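Participant: My structure is below; once you've seen it, I'll send some questions.
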Amino acid sequence: MPPAAPTTPARRTVVAFLAAAAVLGAAAVPAAAAPQGPAAGHAAHGQGDHGHGGHGEPARLGHQKATAIAVVKGVFERGNTAVVDRFVRSDYIQHNPTAADGSAGLKALATSIHQQFPDARYNVKRAISEGDLVLLHSNVVLVPGTKGASVIDIFRFRGGKIAEHWDVIQNVPDTTASGNDMFSTLSSPRVSQPLDHRLTQANQALVTKAFDELMVHKDLTALDRYWDPGYLQHNPQMQSGVPAAKAGLGGYFASVPQLPVTPKRIIAEGDLVAVHSHYVNYPGDRGAAILDLFRVRNGKIVEHWDIIQSVPETSANGNGMF
């Protein structure tokens, strides 16, 4: 949920990251994000997917998380492309605009990046899975000592293998308006894994309605209905709390009166709900891909992370970012 036009300039110190963004078509994650037992999965619904978990559903969703993590860790931290052959479909569909389709292209790009950035680290902060989708939120640091980038990857599975991928990438700034970084969990309890899996569908329904009223229909009073007054903000340009959100979003809406916001997919697990959307500031603008990640506690949105990336003019795969 940007308070201003979603085209924030990239941090110069990690320009190399965006120049090499093609490899992050498989997005990058360390072992730290491994799913944590049966609670790691919950079947609700992804875009067009309405599974309602049976006996083996938590294990299946946890396996999807573990598979996504094994692939990106093996490929981008160790240069082990064999994991692509094992876990990625040969007809893998890519939506990162700088990467080609197919597992062969992914392996070639991964090898190149590993050679250029042998000390790269992909620090996963949170992982959620729903239906056939896995979402990973990571701090990707190609060069030790730099802040790196905030990356959210979405993987779609088919037949037990990774079949499709979307991502959104934003460089981490030196400072933030709220003083909160782009990754930490500050609401209680301060854990990164999803909690309260029995409430997945209720939380997804709440965020879907809240997002529609606030961002699609531009109704600022939705903040009073669905957000906790002191909700915690990780968008680098916004301060925490409902009053700051009203001021920031009110100014943004006024500056782009024709703004359409189109949700493309919503993914939920427990108290975490993600909305992947296309924002277009004015007619003819290619717009931005934005991933909003919300935490819901006791029926209110209490915390928010997001990543914003402008849609480029051209794409190496022709699939678009959505």
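The values are calculated or read from the model by the stated rules, or taken from the named source; none is laboratory data. What you are looking at is a predicted structure, and each value in this text was computed from that prediction instead of being measured. Counting neighbours? That spans all protein chains shown, and the Cβs are built from the backbone with ideal geometry, glycine included.
Participant: Restricted to segment 56-84, and to residues that are modelled with pLDDT of 85 or more and small (Gly, Ala, Ser), which residue is nearest to ALA108 (Cα to Cα)?
Facilitator: Per the criteria, the residue is ALA82.
Participant: Right, ASP228: assigned to a strand (DSSP E or B) and either within 30 Å of PRO97 (Cα to Cα) or not hydrophobic (A, V, I, L, M, F, W, C) (or both) or not? If you could, list the steps in order and put the result at the bottom.
Facilitator: Values: assigned to a strand (DSSP E or B): yes; either within 30 Å of PRO97 (Cα to Cα) or not hydrophobic (A, V, I, L, M, F, W, C) (or both): yes.
So ASP228 fits the description; yes.
Participant: Residues in segment 227-248 that are surrounded by 20 or more Cβ atoms within 10 Å (Cβ to Cβ) and either modelled with pLDDT under 95 or within 19 Å of VAL273 (Cα to Cα) (or both): how many?
Facilitator: Matching residues across segment 227-248 total 7.
Participant: Within the set of pairs 6+ apart or on separate chains, which have a first residue in segment 171-183 that is in a loop (DSSP other than H, G, I, E, B), a second that is of a type in the set (Phe, Trp, Tyr), and C-beta atoms under 7 Å apart?
Facilitator: As it stands, the answer is MET182/TRP305, since those pairs meet every condition given.
Participant: Identify, from the list TYR122, TYR92, the residue that is at pLDDT below 95, in contact with a helix residue (DSSP H, G or I) (Cβ under 9 Å, 6 or more places away or on another chain) and of a type in the set (Phe, Trp, Tyr). Walk me through it before giving the result.
Facilitator: Values: TYR92 fails: at pLDDT below 95.
Within the list TYR122, TYR92, the selection yields TYR122.
Participant: Something else: I'd like to know if segment 163-170 contains one or more residues that are part of a helix (DSSP H, G or I) and surrounded by 17 or more Cβ atoms within 10 Å (Cβ to Cβ).
Facilitator: Initial filter on segment 163-170 (part of a helix (DSSP H, G or I)): none.
Within segment 163-170 (the criterion being part of a helix (DSSP H, G or I) and surrounded by 17 or more Cβ atoms within 10 Å (Cβ to Cβ)), the answer is no, since none of the residues qualifies.
Participant: If I ask for residues that are at pLDDT below 95 and touching a Lys or Arg at 6+ places or on another chain (Cβ under 7 Å), which ones from segment 140-168 would you list?
Facilitator: Passing the criteria: only VAL141.
Participant: Follow-up. Considering (1) crowded, with 20+ Cβ neighbours inside 10 Å; (2) hydrophobic (A, V, I, L, M, F, W, C); (3) at pLDDT below 95; (4) over 29 Å from ASP181 (Cβ atoms), say which one ILE113 fails and leave the rest.
Facilitator: Condition not satisfied by ILE113: (4).
Residue-by-condition table, conditions (1) without any contact (Cβ under 8 Å) to a residue 40 or more places away in the chain; (2) in contact with a Leu (Cβ under 7 Å, 6 or more places away or on another chain); (3) over 21 Å from SER192 (Cβ atoms); (4) not in a helix (DSSP H, G or I):
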residue: ALA68; (1), (2), (3), (4): no, yes, no, no
residue: VAL71; (1), (2), (3), (4): no, no, no, no
residue: GLY74; (1), (2), (3), (4): yes, no, yes, no
residue: THR98; (1), (2), (3), (4): no, no, yes, yes
residue: ALA108; (1), (2), (3), (4): yes, no, yes, no
residue: ASP119; (1), (2), (3), (4): yes, no, yes, yes
residue: TYR122; (1), (2), (3), (4): no, no, no, yes
residue: ALA127; (1), (2), (3), (4): no, yes, no, yes
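A quick yes/no check of all residues on (1) in a strand (DSSP E or B); (2) out of contact with any Phe, Trp or Tyr (no Cβ under 8 Å at 6 or more places or on another chain); (3) modelled with pLDDT of 95 or more; (4) of a type outside the set (Asp, Glu):
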{"residue": "GLY250", "(1), (2), (3), (4)": "no, yes, yes, yes"}
{"residue": "LYS264", "(1), (2), (3), (4)": "yes, no, yes, yes"}
{"residue": "ASP285", "(1), (2), (3), (4)": "no, yes, no, no"}
{"residue": "ILE307", "(1), (2), (3), (4)": "yes, yes, yes, yes"}
{"residue": "GLY318", "(1), (2), (3), (4)": "no, yes, no, yes"}
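Participant: Of the numbered conditions (1) in contact with a Lys or Arg (Cβ under 9 Å, 6 or more places away or on another chain); (2) surrounded by fewer than 20 Cβ atoms within 10 Å (Cβ to Cβ); (3) not basic (Lys, Arg), ASN298 satisfies every one except a single condition; which is it?
Facilitator: Only one criterion in (1) in contact with a Lys or Arg (Cβ under 9 Å, 6 or more places away or on another chain); (2) surrounded by fewer than 20 Cβ atoms within 10 Å (Cβ to Cβ); (3) not basic (Lys, Arg) is unmet by ASN298, namely (1).
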